[in-house]
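The values are calculated or read from the model by the stated rules, or taken from the named source; none is laboratory data. Keep in mind that this is a model prediction, so the values were computed, not measured. No Cβ is skipped: glycine too gets one built from the backbone with ideal geometry, and neighbour counts run over all protein chains shown. Each accessible area value is taken on the protein alone, full model and side chains, heavy atoms only, with ligands, DNA and RNA left out. Shrake-Rupley method; radii C 1.70, N 1.55, O 1.52, S 1.80 Å.
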Amino acid sequence: MTTTAIDTSTCYLCGEPIDRNAPTPEDVLSMDHVPPKQFYPKDLRTDRSPNLWAAPTHRRCNEDYRKDEEYFYHAMYSIVGKNN
């Protein structure tokens, strides 16, 4: 299996460049799991350690979108929970 390096020079959420020597903590590189880890059951994440894909983001972008991901997760949890 061939692995390729991930281009971490551009934030996939805002499209702006990511400066490795960013002057503020909000602008540093952060890797975001796509889809979010919380979308997988905890036992699957811990027992089987899935190799989840991660994409480069600014820390601020990752934090901003986290709220949307949590809202979606909690809105859909009652539907998913009934079908397990």
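Residue under question is residue 51, and the condition is that it be closer than 22 Å to residue 13 by Cα, open to solvent by 90 Å² or more (accessible area, probe 1.4 Å) and at pLDDT below 85; does it hold?
yes
Taking only the range 11-25 into account, find how many residues are of a type in the set (Asp, Glu) and surrounded by 13 or more Cβ atoms within 10 Å (Cβ to Cβ).
Narrowing the range 11-25 to residues of a type in the set (Asp, Glu): 16, 19.
This time we only want the ones that are surrounded by 13 or more Cβ atoms within 10 Å (Cβ to Cβ), so: 19.
Adding up the residues that qualify gives 1.
Restrict the check to the range 66-78 and report whether at least one residue is at pLDDT 80 or above and surrounded by 15 or more Cβ atoms within 10 Å (Cβ to Cβ).
Looking for residues that are at pLDDT 80 or above and surrounded by 15 or more Cβ atoms within 10 Å (Cβ to Cβ), one finds at least one in the range 66-78, hence yes.
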